[in-house]
1. Segment 80-183: which chymotrypsin sites (Phe, Trp or Tyr not before Pro) are DSSP loop and have at most 16 other beta-carbon atoms within 10 angstrom?
2. The list [x] 54, 40, 37; [y] 61, 42, 32; [z] 47, 40, 36 gives values of Cα extents along the principal axes in Å, and only one came from this structure; which label was calculated from it?
3. Scan the chain and hand back the longest stretch that contains none of the trypsin sites (Lys or Arg not before Pro) lying in DSSP loops with at most 10 other Cβ atoms within 10 Å.
4. Using a 1.4 angstrom probe on heavy atoms only, work out the carbon and sulfur share of the accessible area of segment 75-222 in %.
5. Too long at a 32 Å Cα-Cα cut-off: which of 8/119; 119/234; 35/119; 35/141?
6. In whole angstrom, how long is each semi-axis of the equivalent ellipsoid of segment 100-172, when you take the square root of 5 times every eigenvalue of its Cα gyration tensor and sort them from largest down?
7. For segment 1-135, what does the accessible surface come to per residue with a 1.4 Å probe? Please give it in Å².
8. Could you give the length gained by full extension between residue 49 and residue 34, i.e. 0.36 nm per residue of separation minus their alpha carbon distance, to one decimal place?
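The values are calculated or read from the model by the stated rules, or taken from the named source; none is laboratory data. Just so it is clear, the model here is predicted, and its values are computed rather than measured. All Cβ positions, glycine included, derive from the backbone under ideal geometry; neighbour counts span all protein chains shown. These accessible areas exclude ligands, DNA and RNA; they are computed on the full protein's heavy atoms, side chains included. Shrake-Rupley method; radii C 1.70, N 1.55, O 1.52, S 1.80 Å.
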Amino acid sequence: MNDMIPRKILGVYGGMGPAASAEFLRLLAAMAPAKRDQEHPVVYVYSNAQTPDRTAAFFGRGESPAAALRQGLDTLCGWGADLLAVPCNTAHIFIDPFRAQLRAPLIHIVEATVADAVKAAPDGCWIIATGATMASGIYEKEAARRGYRFFAPSEEVRELATKAIVHVKAGELKAGGAVMEEIAARLWAVRRAPIVTACTELPLAYDASPLPPEMGISSLRSLSRACLEALYAKE
């Protein structure tokens, strides 16, 4: 990246959940190579916290969010967004079928996070996420494309990850951090490898714990990095 003023506009479909989206925007500001206001990118935010639950829909227990996601992303394109980002991993399961029809390129959170995992831990990482993200295999497919592997957590750890996500969505960061500590203890008793937090609530739980930063790979931070690289890229 360089310190030129970015000319492209980023469109963000947020609200899934609100705290994760707010953290994504904070990271965009914190990680940008900017020294003054005018060197930061223009960002349009379409925040729809009422988007149908992605995990419930995946398991056939609720309305699909696909229509809402398509409408919101189309709205951002209509506003003039040149690039799109969605700080929700599970949402990408529903976006991928129409990704090619979007009027602006999507910076894909799974692709960005796997790229960071490959660099940080070439021998493999643990992955924790929503039940839908885990069941869909969306991360494993991208890892396989790159010749990479993720270590699968036990069912007990998957349940703990869901518990941590629920705490963060409820604004209970301290409780979420405590659950994350338990998750890390269980995983590292098996293998000492970094943990990919592949649900955008989970990086907030990780940050609320005393766990070492270098052992967590945040999907929120990965998406922020990939967006900034695209926004500040030389034409």
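1. Numbers: sites: 94, 98, 126, 139, 148, 150, 151; in loops: 148.
Listed in order of number, the matching sites amount to none.
2. [z]
3. Values: sites that count: 35, 36, 61, 192, 234.
Longest site-free region, per DSSP loop and neighbour criteria: 62-191.
4. Values: 3260 of 6150 Å².
About 53 percent, which is the carbon plus sulfur part of the accessible surface.
5. Working: 8/119 27 Å; 119/234 23 Å; 35/119 28 Å; 35/141 39 Å.
Beyond 32 Å between Cα atoms: 35/141.
6. The three semi-axes for segment 100-172 are 23, 18, 11 Å.
7. On the way: 5860 Å² over 135 residues.
I get 43 Å² per residue for this part.
8. 2.4 nm
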